[in-house]
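The values are calculated or read from the model by the stated rules, or taken from the named source; none is laboratory data. None of the values given here were measured: they were computed from a predicted structure. A quick note on method: Cβ atoms are made from the backbone with ideal geometry, for glycine too, and the neighbour counts reach across all protein chains shown.
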Amino acid sequence: MSYRRRASPLHAARAAAGCAYCFSLLVAALVLSAPVALGAVLLAIAGAGLGAKVGREMRRAALFAVPLGLAVMLINALVVRDGLTVIARLGDLPVFGQTDVTLEATVSGAVLGARAVALVLCGALYTAAVDPDQVLRLFRRFSFHSALTATLATRMIPVLARDGRRLAEAQRCRPGPPPSRARLVRAATAGVLDRALDVAAALEVRGYGSARRAPRGVRRPWSRHDLAFTASAVALAAIAVGGRLAGLEPFSSDPALHAPVSAGGVAVAVGLLVCALLPFADRRGIER
């Protein structure tokens, strides 16, 4: 999964607004616990993926996230002993011991699983819809070469692991005892350092670091999409945190299940959906 520019309002917004929008959805998934509210967060993330035209990437992430959520629910139902309503008596199981599956533990595991799915999908939305180059430029304000440092650090670690595997395979084809891990690490690190020097030379030839910063007062103005997604991020965080603090979405599973569908919980869910999907209604200027 990688970023590719598409004609959508989220792609047209600057990276700071996109990061704030994805982060607000993540906060809502972490803060809210009621099934209605979590369902609204999942629908909001899925709708944002469709609005940003990254449905294929979201489906790929869902193929990993949904089994993960089911596994979390199953493990929680088997491990947690809280709850009064027993729905299955599995007897004495290896490792788990006497296992009684309760409705409260199952619902609590389902909530945790739904939260895990929401977090994975939110990360997929960020990866597919927010320009990573612009994100690195945001860190450039704190340190001029931090963008290059972050890029090389994330690129060279997989290269180091790949070179180590190749060297180990080549050494196994030779007669004699296999090489130690220390020798493989030294050889792979030497190769990565050589590549890093080549990358640095290429960047120097291309003039990295020689460009001057833009003069003060000359900055890219905020577009309608920047303002829309920033306002949406603030509204989403305010609704999620405010609803949790005000107790508008009551939910508890210990010792008994308590998950009423109240008017406040429905209002929180509707507010999340409206605030998350409203910025996608304005599609002017998305080609830029």
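Things worth noting here:
- Within the stretch 205-216, the presence of at least one residue that is part of a helix (DSSP H, G or I) and either outside the structural domain of Leu167 (by TED's automatic domain parsing) or at pLDDT below 75 (or both) is confirmed.
- All positions within the stretch 1-44 that are at pLDDT below 90 and of a type in the set (Phe, Trp, Tyr): Tyr3
- Where helices (runs of 4 or more DSSP H) fall entirely within the stretch 76-186, those with at least 2 residues that are under 25 Å from the mean Cα position of the chain (by Cα) and modelled with pLDDT under 70 are at 132-140, 146-172.
- For the stretch 45-70, the set of residues classified as assigned to a loop (DSSP other than H, G, I, E, B) and of a type outside the set (Lys, Arg) consists of Ala52, Val54, listed by residue number.
- Residues of the stretch 36-50 satisfying the condition of being in contact (Cβ under 8 Å) with a residue 24 or more places away in the chain and more than 13 Å from Leu25 (Cβ to Cβ): Val36, Gly39
- Filter result for the condition that a residue is under 18 Å from Ala228 (Cα atoms) and either of a type in the set (Asp, Glu) or out of contact with any Pro (no Cβ under 6 Å at 6 or more places or on another chain) (or both), over Leu277, Leu248: Leu277
- Here Val101 fulfils each of the conditions (1) surrounded by fewer than 15 Cβ atoms within 10 Å (Cβ to Cβ); (2) in contact with a strand residue (DSSP E or B) (Cβ under 7 Å, 6 or more places away or on another chain) apart from (1).
- Taking residues in the stretch 260-271 that are part of a helix (DSSP H, G or I), and partners anywhere that are not aliphatic (A, V, I, L, M), the pairs with Cβ atoms closer than 6 Å and at least 6 places apart or on different chains are Gly265/Glu249; Val268/Gly243; Val268/Glu249.
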